[in-house]
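Taking it in order: structure first as C-alpha cells, then the write-up.
FYI, it's all coordinate maths here, none of it is from the lab. It should be emphasised that the depicted structure is a prediction, and the values quoted were computed from it without experimental measurement. When we count neighbours, we look across all protein chains shown, and the Cβ atoms used for this are built from the backbone with ideal geometry, even at glycine.
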Amino acid sequence: MIDHFLITDLGDVTEPDGYSPSLSAVVINMTHALSDEYALRVVGTVRKFLNFVHTASDTPRAVIEEAPVRGFERAKAFLLSMDIVCIPSKKANCEHELELKVPNGRSTVHAQSIVGILRQFYQLCGTYHVGNRTAENPIELPDWHLKGDDERRESWDRRHPQRKFAWIYAGLRFCTTKRRRYLPLIEDPTGCGEKMTRAAIAHGCPATVIAICMTLEENGCRWREAAWANALGWSIKGFGEIVYTTNKHDDDEHAKRIMLPPDVLSGVIERFQGQPHPRDGSRTMMDHIRELAAAGDKDRLRQFPLFPNSRGRFHQHRTFNGHWFAPAMKAWVNEDGSKGLLIFSDVSARRPTPHWYRHAEISRDLEEAIVSCETEADVLEVSKRVCRSFSLDTDQAKRYAAALMRRLADEDQMRRIARRRAANAARRAQVDLPIAVGRLEISEAELLISLMPARARVRA
C-alpha cells in the first residue's frame with residue numbers, strides 16, 4: 001500500500017497534491033520542545049494514522065475531511081489494528097466512554113499515549129483549519145468543545161469522583177481503567193556508571209560532557225538536572241561543591257541539591273577563570289559572576305551554564321545524548337573485540353542511556369536496603385524510602401518493589417533448584433547401576449534404507 005501522506009522526521013507533510021503547509025504546522029507544533037525519541041514516536045503515530053485505511057472506499061483526504069462521527073469510528077479501528085480493543089464503559093454516567101483493553105503482558109501507558117497524540121492532532125487540525133476539521137474533536141466526548149471550564153470540571157468530577165488527580169484525561173472518550181505500567185528493570189550497579197563514563201572518555205567527548213557524566217555517576221540524578229545547572233544555583237552556597245538545580249516534579253528552580261565531584265568542581269572553576277571579565281581585562285569571568293552574585297542579579301547568573309556546549313549554551317538532548325553519549329556507547333570496544341557497551345539487567349543486556357546512571361544508583365541502594373527485609377510489606381516500605389531519597393513518587397516505588405519481589409522470587413527458585421540438585425545427586429550416588437541410555441534398535445527395512453547410496457546434487 002502506497003502512503004498518501006509523506007511525513008519527514010522533522011514534521012513536514014506532503015500530500016498527493018504537494019506540500020501541505022497547514023498539516024506541516026500541525027505536526028511541527030506537536031513535536032515542539034519534545035525529546036528526539038518522543039518526537040519520532042509522535043511523528044510515527046501521526047504517519048500511521050494519516051495513512052490508515054479505514055474502509056475500502058476511503059479517499060486519501062478522508063481522515064481530515066470526514067465528519068466527527070466517522071473520525072471516532074476511524075480512531076476505534078486504528079486502535080484495533082494495534083490489538084487495542086475498545087469496549088463500551090459499564091460505569092454510571094459514562095455512556096459515551098470506551099475502555100481500552102490491551103493484550104496481557106503489555107502496559108496501558110502506550111495505549112493512553114496514542115489516544116493523547118490523536119487528541120492533540122485533531123485539536124491542532126481544528127486550530128489550523130485543516131480540511132473540514134473544527135473545534136469538535138472526534139477523540140473527545142460529544143459537545144465537549146461547547147463546555148466552559150467550570151462545566152468540564154463539574155462533568156469530570158461527576159463521572160469520576162475518585163480520580164480528581166487525572167484531570168488531564170478529562171473529556172476523552174477513550175480511557176484505561178486499570179493502568180498497568182512497565183516494571184522497572186533492576187540494573188546491575190556493579191561498575192555501570194564507571195563503564196559509561198570510561199566509554200565517553202574513550203570516545204573523545206568534550207570535557208563538559210565528561211563532567212556531566214561524572215556528576216551523574218556520583219549523584220544518580222537525571223541528566224538535565226546536571227546538564228542544566230547554572231551559576232545561580234552554584235552561587236547559593238558560595239560557589240563550592242554544592243549546586244542547586246531543578247527537579248522533575250517541582251516548580252522550584254532550586255528544588256534539588258547535587259554535589260560536584262572534586263575534579264568537576266576544579267574544572268568548572270578553571271573554565272571560568274580562563275575566560276576574561278567582560279569589562280576588565282585584568283580580571284576573570286569568575287570575578288564577574290561573583291560580582292553578579294553580590295549584586296543579586298539572578299537573571300544574568302541564570303545565563304551561565306556550568307557545563308556549556310561548544311557554543312557556550314546549555315546542552316540539549318540532541319547534543320549531549322544524540323551527538324556524544326549514544327555514539328560513545330555504540331563505539332565502545334569490548335574485551336572480545338565486539339563493539340557496543342552493554343549493561344546487564346535482571347532481564348537482558350541493553351545499550352545504556354544517560355538515565356542508567358540514575359537506574360544503577362537506585363538499584364544499588366535498593367539492593368543494600370532489602371537485605372534485612374523479611375516480608376513484602378518491608379520491601380515496599382524500603383522501596384518508598386529509597387525512592388523518596390531520589391525524588392521519585394510513590395507509584396514508582398510500588399513498581400520498584402514489584403521488580404524487587406520478582407527478583408527475590410527468581411533467587412528463591414534458584415536456591416530451591418540447588419537444594420534439589422544436591423539431594424538428587426546424593427541419592428543417585430547410592431545407586432549401584434549407572435544411568436545409561438538403552439541402545440536404539442531399528443528395523444531391517446530402516447537399516448537397508450540407511451545403507452542405500454545417496455545421490456549428491458551437483459551445482460552448476
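Count the DSSP beta bridges whose two residues both fall in the chain, then state the antiparallel fraction as a percent rounded to the nearest 5. Don't skip to the end; give the middle numbers.
On the way: 21 of 23 bridges.
If I count the DSSP bridges inside the chain, around 90 percent turn out antiparallel.
Please compute the contact order of the chain in relative form: average sequence separation of alpha-carbon pairs under 8 Å and at least six residues apart, divided by the residue count, as a percent. Numbers along the way, then the final one.
Numbers: 547 pairs, mean separation 54.1, N = 460.
Reported as a whole number, the value is 12 percent.
Filter the DSSP H helices in the chain by two things, a Kyte-Doolittle mean of at least 0.0 and an axial alpha-carbon span of 24 angstrom or more, and list the hits by number.
Numbers: long enough: 108-127 (29 Å, 0.48); 394-429 (52 Å, -1.10).
Those that pass (Cα extent of 24 Å or more, hydropathy at least 0.0) are 108-127.
Tell me the volume per residue, in Å³, of the convex hull enclosing the alpha carbons of the chain. Before the final figure, lay out each step's value.
Values: hull volume 154.6 nm³, N = 460.
Value for the chain: 336 Å³ per residue.
Which residues' amide hydrogens lie under 5 Å from the amide hydrogen of Thr284, considering only partners 5 or more residues apart or on another chain, with H built in the peptide plane?
Hits under the 5 Å cutoff: His277.
Quick one: compute a quarter of the convex hull surface over the Cα atoms of the stretch 194-335 and quote it in nm².
Numbers: hull surface 36.3 nm².
With the hull built on Cα positions only, its mean projection is 9.1 nm².
Relative to the present Cα-Cα distance, how much length would full extension add between Val333 and Ser443 at 0.36 nm per residue of separation?
Working: separation 110, 0.36 × 110 = 39.60 nm, distance 5.57 nm.
In short, 34.0 nm is gained.
What whole-number value in cubic angstrom gives the convex hull volume per residue for the C-alpha atoms of the stretch 6-175? Please report the intermediate quantities before stating the final value.
On the way: hull volume 22.3 nm³, N = 170.
Spelled out: Cα convex hull of the stretch 6-175, divided by residues, is 131 Å³.
Can you put Thr59, Thr319, Thr245 in order, fewest other beta carbons within 10 Å first? Don't skip to the answer; put the middle values down first.
Numbers: Thr59 9, Thr319 18, Thr245 24.
Ranked by crowding around the Cβ, least crowded first: Thr59, Thr319, Thr245.
Calculated from DSSP H runs of 4 or more alone, at -39500 (n - 2.57) each and per residue, what is the 222 nm mean residue ellipticity of the chain, nearest 500?
-14500 deg cm²/dmol
Report, by chain and number, residues whose modeled amide H sits under 5 Å from the one on Asn247, excluding near sequence neighbours (fewer than 5 apart, same chain).
Those qualifying (amide H under 5 Å, at least 5 residues apart or on another chain) are Ala255, Lys256.
So how far, in whole Å, is the C-alpha centre of the stretch 212-259 from the one of the stretch 282-352?
The stretch 212-259 and the stretch 282-352 have Cα centres spaced 13 Å from each other.
Relative contact order of the stretch 6-175, please, whole-number percent, based on alpha carbon pairs below 8 angstrom and at least 6 residues apart. Mind dumping the intermediate values first?
Working: 189 pairs, mean separation 34.2, N = 170.
Contact order relative to length: 20 percent.
Just to be sure I follow the definition: excluding the sites themselves, where is the longest run in the chain that has none of the GluC sites (Glu not before Pro) in a DSSP loop with at most 15 other Cβ atoms within 10 Å?
Working: sites that count: Glu95, Glu241, Glu335, Glu374, Glu441.
For GluC sites (Glu not before Pro) (loop position, at most 15 other Cβ atoms within 10 Å), the longest site-free span of the chain is 96-240.
Cα to Cα, under 30 Å, and not fewer than 8 places away if on the same chain: which lysines meet these conditions relative to Lys398?
Counting by Cα, and skipping residues close in sequence, Lys398 has these lysines nearby: Lys90, Lys91, Lys101, Lys164, Lys178, Lys195, Lys248, Lys256, Lys384.
Say a site is exposed when it is one of the trypsin sites (Lys or Arg not before Pro), sits in a DSSP loop, and has at most 10 other Cβ atoms within 10 Å; what is then the longest site-free stretch of the chain?
Working: sites that count: Lys90, Lys178, Arg279, Arg311, Arg439, Arg455, Arg457, Arg459.
In short, 312-438.
Compute the distance in nm between two label points, each set 7 Å from the Cα along the Cα-to-Cβ direction, one at Ala295 and one at Glu151.
Output for this residue pair reads 5.4 nm.
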